[in-house]
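J.: Take this structure first; my questions come after.
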Amino acid sequence: MLLSQLDSYKMDITAFQEVRWTGEGIIDKKNHTTFNSSDKKHRMFGTGFIVNKRIKCLVTDFKAKTPRICKICVRGLFFNCSLICVHARTEEKDDEKDNFYEDLNQIYEECPKRDVKIIIGDLNAKIGQEEMYRPITGKYSLHTLSNDNRMRFINFACFENVVVGGTLFNHKDIHKMTWRSPYGQTFNQIDHLLIDARRVSNVMDIRTLEGLM
């Protein structure tokens, strides 16, 4: 069902989190290839990519860093792309959150310097509209104030000179929300796309598709 839905939206590359498979590897299906990085023993967490067969030949590398971080490299016409899929820790455990950003920093630094580098996924960070962060986050966040995870998020963005793409565009709130509570009373914007600042002009638009939230 998921694959047919992705085809209906004409998705060439889809990043996913919390797949809850075991192990890591590459699985070829009829019309898609799945690149998976999950826990080796337990059905928990998991990140990866689903790539349409039309462009599989352009994927030059896949690295499973941890169950929360993986990367594929895609050959482009003028520049190659390094795409990093992430699922950050929640608010509870500081040591584990620090380890996550250390791993993310390491895999980001391993990307070739000339690549277009994009980080996408669940950062578990509510980015506010604080004016001091607007060069990095823009001014169109769903939230007025940031949560605690924001500081690690912002520090990483400053250090690596990346920009948060999803809060640069002025959309209706329904097209900013990326998570809703089971009873539909709480909505958050905690999934983000980050791109190195020198390439931000290549981002034409980012918004949430309600049917996929």
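J.: For segment 173-189, which positions are surrounded by 12 or more Cβ atoms within 10 Å (Cβ to Cβ) and either among the β-branched types (Val, Ile, Thr) or more than 18 Å from Gln17 (Cα to Cα) (or both)?
T.: Passing the criteria: Ile174, His175, Lys176, Thr178, Phe187.
J.: Can you pull out every residue in segment 159-201 that is over 17 Å from the mean Cα position of the chain (by Cα), part of a helix (DSSP H, G or I) and closer than 30 Å to Phe79 by Cα?
T.: Correct list: Phe159, Arg198, Ser201.
J.: In segment 171-188, which residues are in contact with a helix residue (DSSP H, G or I) (Cβ under 9 Å, 6 or more places away or on another chain) and either free of Cβ contacts under 8 Å to residues at least 12 places away in the same chain or under 20 Å from Ala88 (Cα atoms) (or both)?
T.: Met177, Phe187
J.: Among the residues of segment 2-37, which ones are without any contact (Cβ under 8 Å) to a residue 60 or more places away in the chain and either among the β-branched types (Val, Ile, Thr) or on the phi > 0 side of the Ramachandran plot (or both)? First the steps, then the outcome.
T.: Here is the first cut: in segment 2-37, the ones without any contact (Cβ under 8 Å) to a residue 60 or more places away in the chain are 2-4, 6-8, 10-12, 14, 19-37.
Of everything in segment 2-37, those that are without any contact (Cβ under 8 Å) to a residue 60 or more places away in the chain and either among the β-branched types (Val, Ile, Thr) or on the phi > 0 side of the Ramachandran plot (or both) turn out to be Lys10, Thr14, Val19, Arg20, Thr22, Gly23, Gly25, Ile26, Ile27, Thr33, Thr34.
J.: May I ask you to list the residues in segment 11-43 that are assigned to a loop (DSSP other than H, G, I, E, B) and farther than 21 Å from Ile119 by Cα?
T.: Matches in segment 11-43: Trp21, Thr22, Gly23, Lys29, Lys30, Asn31, Lys40, Lys41, His42, Arg43.
J.: Give me the residue from segment 1-48 that is touching a Gly at 6+ places or on another chain (Cβ under 6 Å) and among the hydrophobic types (A, V, I, L, M, F, W, C) and, out of that set, surrounded by the most Cβ atoms within 10 Å (Cβ to Cβ).
T.: Residue satisfying both the conditions and the ranking: Phe35.
J.: Provide a single number: the residues in segment 52-75 that are assigned to a loop (DSSP other than H, G, I, E, B), touching a helix residue (DSSP H, G or I) at 6+ places or on another chain (Cβ under 8 Å) and either over 21 Å from Met11 (Cβ atoms) or at pLDDT below 95 (or both).
T.: 1
The values are calculated or read from the model by the stated rules, or taken from the named source; none is laboratory data. Remember, predicted model here, so these are calculated numbers, not experimental data. Reconstructed Cβ throughout: ideal geometry from the backbone, glycine too, with neighbour counts over all protein chains shown.
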